[in-house]
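The values are calculated or read from the model by the stated rules, or taken from the named source; none is laboratory data. In this text, all values refer to a predicted model and were calculated from it rather than measured experimentally. Note that each Cβ is placed from the backbone with ideal geometry, even for glycine, and that neighbours are counted across all protein chains shown. To get the accessible areas, we keep the full protein, side chains included, count just its heavy atoms, and leave off ligands, DNA and RNA. Shrake-Rupley method; radii C 1.70, N 1.55, O 1.52, S 1.80 Å.
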Amino acid sequence: MSVAWPSRADPRLLIELQRLLHQHIISSVIPAVLLALLVVWTLADVHNPWPLRLWGVAVIGWKLFSAWVGQQQLRRGVPLEHARSNVLWLIVLNAIDGAIWGALAWVALGSTTLAGSILVVAVIGGIAGSSMSSLSPVFPAFVAFVVCLLAGLASRLWTLGDPAYDALGVAGVLYTASLLGQSHNSGKAARQAITLRFENVELIERLRQEMAYAQAQRQAAEQANVAKSRFLAAASHDLRQPIHAQGLFLEVLGSGALKGAQAEALDNARATWQASAEMLDTLLDFSRIEAGVVQPQRRLFPLQPLLHKLETELAPQADAKGLLYRARETTAVVDSDPALVALILRNLVSNAVRYTEHGGVLMGCRRRDGHWLVEVWDTGIGIPASQHQAIFQEFHQLGNAERDRRKGLGLGLAIAQGLARALGHELTLASQPGRGSVFRLALPHGDAHAAIPLWDEAAAPIAIHDTALALTRVLVIDDDETVRDGMRQTLAGWGCVCDVAESIEDALALARAHAPDLLISDYRLRDQRTGAEAIALLRAELGTAVPALIVTGDTAPERLREAIDTGVALLHKPVAPALLHRRMAEVLRERRPA
């Protein structure tokens, strides 16, 4: 913004300067009136009573008129288009004011005493000096005022014919020049201050607009994220229902005698089901993180058994691609949640195998700065530095524009990062495009003497066709007919007596006829009702805390929180038949006396 004066100045600047000048004039009215009255009272004598009194009336009248004009302009404001023309009016107004004050020299000098003459010169000089601060915002107005004021004094001094007065007149001219210079600098400072204020206001306004825009963008992103989560939860729930039923029917088929080709076809169907279930479980892991229901169970444990388990589980994936997979042995004992650490490392290793075509994957552990660094190295495609943050975002994948399902959903690293954050562990990345990557998970060091050995759940025998569930009466509540049929046939194959209900009302009627030993309910039922509500009503009806399971296909964060808050054992569709069998037996064991 320019601060030039006056022709090229911003009209807004001119208006602010005029407002400042009017405020100064209004504040100077009382001192000016009192000074005029004092001069008239001091200098009035028999030689000049009426001219001096007329001068006093003129000073007071014009001062009051100037203040009235200022009040009107402050109240109504000056239109932008009148900003420059109004400067001319101020020049005229203050030129007249200066001429009236300068007329005091013609009225009093030569007709008063030496002391009176000194008073006149002092008053005019003082008025000139004080007007510099009040009129300098509009520099042309000050020029008009001080020139007219001191011109009146100087011209009168030179007419008196005294060399001393002539010298005083020259001094008045020099004094005028000095005041003009000081006023110019003062006015420039005022203009710069107002210009800076305008710039600050504009900056604040721009910041406000940018903040409003950023807020709108953030809200839009949050709404999009919520919509995405709802869509994923709905799509996941709708997919889980038939896949869950498919697993149950495959279990029923597997219980019969099949010929070679039939058994092979069943194995292929089971492999396809397992792949679908794993992808849905990945979505579930991500939803659990979003819902904030991941509750770490930290303890001291040796790391080597976990690394060995992962090697046994994931090495076949590397072998299938012709990759070398190695896990170096370690004596590390760490303080963390073994299940969540295993899930993080499983995602990291699976990601490394997925994006490596030649060479291999190495997992090792080293001690550094009081932590154990578990490192997963690969010789894969590498990750550009510009993508190091983005790859930890959900559904972000490199080199998978065709969305090849064999390369996953793009959630593995997002899950790993979310779990590491939930545990308070640092997960970092170093990579070179074309040469490979290394992910490092920092785990707190633990005392080896206090470590608790890991129980290898994978090695525990799972007997589907034992007698643990024989003759157990199970009431299944699910609004999906296919799931009900699958559960009926599967449980019958395990020796259970199975009743199925579509609604809570049907379940209550069946329970009255035959009291169940175990309740299995879907979480989301018809008419906005839930499995938790169904279990509570059935327990109240039967008068006992019947063992229960909730089997749900919901992965929406709020649904996960609701289901977990019920306190009932929870499984997520699709459930592997072996896991369903084991959990049913566990729930029944917990409720039955030893």
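For the stretch 97-110, the criterion of being at pLDDT below 80 and β-branched (Val, Ile, Thr) is met by none of the residues. Look through the stretch 442-473, keep the residues that are in contact with a Phe, Trp or Tyr (Cβ under 9 Å, 6 or more places away or on another chain), aliphatic (A, V, I, L, M) and modelled with pLDDT of 75 or more, and return whichever of them is farthest from residue 332 (Cα to Cα). Applying the filter and picking the extreme gives 470. Give the stretch 188-210 a look and list any residue that's open to solvent by 50 Å² or more (accessible area, probe 1.4 Å) and among the charged types (D, E, K, R), or say none. Answer for the stretch 188-210, where residues must be open to solvent by 50 Å² or more (accessible area, probe 1.4 Å) and among the charged types (D, E, K, R): 188, 197, 199, 202, 205, 206, 208, 210. The residues of the stretch 509-519 that are open to solvent by 30 Å² or more (accessible area, probe 1.4 Å) and in contact with a strand residue (DSSP E or B) (Cβ under 9 Å, 6 or more places away or on another chain), listed by number, are 509, 510, 513, 514, 515, 517. Those helices (runs of 4 or more DSSP H) of the stretch 245-362 in which at least 1 residues are at pLDDT 85 or above and over 39 Å from the mean Cα position of the chain (by Cα), considering only elements entirely within it, cover 304-320.
Total residues in the stretch 351-366 satisfying the condition of being of a type in the set (Ser, Thr, Tyr) and open to solvent by 10 Å² or more (accessible area, probe 1.4 Å): the figure is 1.
Quick check: anything in the stretch 79-89 farther than 25 Å from residue 125 by Cβ and acidic (Asp, Glu)? Scanning the stretch 79-89, I find at least one residue that is farther than 25 Å from residue 125 by Cβ and acidic (Asp, Glu), so the answer is yes.
Flag set for residue 175, criterion: modelled with pLDDT of 75 or more and of a type in the set (Ser, Thr, Tyr).
Restricting attention to the stretch 98-144, the residues being crowded, with 24+ Cβ neighbours inside 10 Å, part of a helix (DSSP H, G or I) and polar (S, T, N, Q) number 1. Screening residue 66 with (1) touching a residue at least 24 places away in the same chain (Cβ under 8 Å); (2) closer than 22 Å to residue 30 by Cα; (3) open to solvent by 30 Å² or more (accessible area, probe 1.4 Å) gives one miss only, at (3).
So that you can scan it fast, the table gives a plain yes or no per residue for (1) closer than 25 Å to residue 185 by Cα; (2) under 60 Å from the mean Cα position of the chain (by Cα):
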| site | (1), (2) |
| --- | --- |
| 101 | yes, no |
| 105 | no, no |
| 122 | yes, no |
| 141 | yes, yes |
| 146 | yes, yes |
| 166 | no, no |
| 170 | yes, no |
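Which of the residues that make up the stretch 48-66 are under 11 Å from residue 100 (Cα atoms) and aliphatic (A, V, I, L, M)? Across the stretch 48-66, the qualifying residues are 54, 57, 58, 59, 60. Within the stretch 145-187, if we keep just the residues that are touching a Ser or Thr at 6+ places or on another chain (Cβ under 9 Å) and open to solvent by 20 Å² or more (accessible area, probe 1.4 Å), the residue that is nearest to residue 107 (Cα to Cα) turns out to be 151.
The C-beta contact set for the stretch 469-484 (first residue over 12 Å from residue 520 (Cα atoms) and in contact (Cβ under 8 Å) with a residue 24 or more places away in the chain, second residue assigned to a strand (DSSP E or B) and acidic (Asp, Glu), distance under 6 angstrom, 6+ apart or interchain) is empty. Being open to solvent by 50 Å² or more (accessible area, probe 1.4 Å), of a type in the set (D, E, K, R) and at pLDDT below 80 is a property that does not hold for residue 16.
Contact map, the stretch 361-381: first residue on the phi > 0 side of the Ramachandran plot, second residue not in a loop (DSSP other than H, G, I, E, B), Cβ cut-off under 6 Å, separation 6 or more or different chains; pairs are 370/445.
Out of curiosity, is residue 92 assigned to a helix (DSSP H, G or I), in contact with a Pro (Cβ under 6 Å, 6 or more places away or on another chain) and modelled with pLDDT of 80 or more? No; evaluated as a whole, the condition is false for this residue. Provide a single number: the residues in the stretch 144-168 that are hydroxyl-bearing (Ser, Thr, Tyr) and modelled with pLDDT under 80. Total satisfying the criteria: 1.
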